[in-house]
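Inspection log for the structure reproduced underneath, given as structure tokens.
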């Protein structure tokens, strides 16, 4: 069984607002991260039927983009809430997993947005196909911090 870690936490108070780094965050079951656009209903995709209470992306994807394509994808560009390390996000669709004291459930894989191409000036979307992160539902809320363990539930 694998276990990874939470590396970064980011929120934006509304759609297209700059992402803010947090040292800790409160996840609210059925809503999202306290203060984030998806929890307040002010996110661009807040009214879509998919589960998007919190979004995750793998640090390894960001490192590969930098290494292989000289593209630095900042939190303001990728717009994901949580950055993880050593967590196979694609394998968590439909599965529950722990982030610190909280429990999330993988909804669907996130699809890359052409907005990234505009922000970076490069064709990033195609590079992120099947690597753009995971949309999740919060099953059990609580406080999370960078360094928290991420692991699957059996």
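The values are calculated or read from the model by the stated rules, or taken from the named source; none is laboratory data. Source: prediction; values computed, not measured. In this analysis, Cβ positions are derived from the backbone assuming ideal geometry, glycine residues included, and neighbour counts consider all displayed protein chains.
Side notes on the structure shown:
- Flag for residue 112 being in a loop (DSSP other than H, G, I, E, B), at pLDDT 95 or above and buried (at least 16 other Cβ atoms within 10 Å of the Cβ): no
- Search result, residues across segment 1-46 that are part of a strand (DSSP E or B), farther than 15 Å from residue 80 by Cα and touching a helix residue (DSSP H, G or I) at 6+ places or on another chain (Cβ under 7 Å): 28
- Flag: residue 83 matches the condition of being surrounded by 15 or more Cβ atoms within 10 Å (Cβ to Cβ) and assigned to a strand (DSSP E or B).
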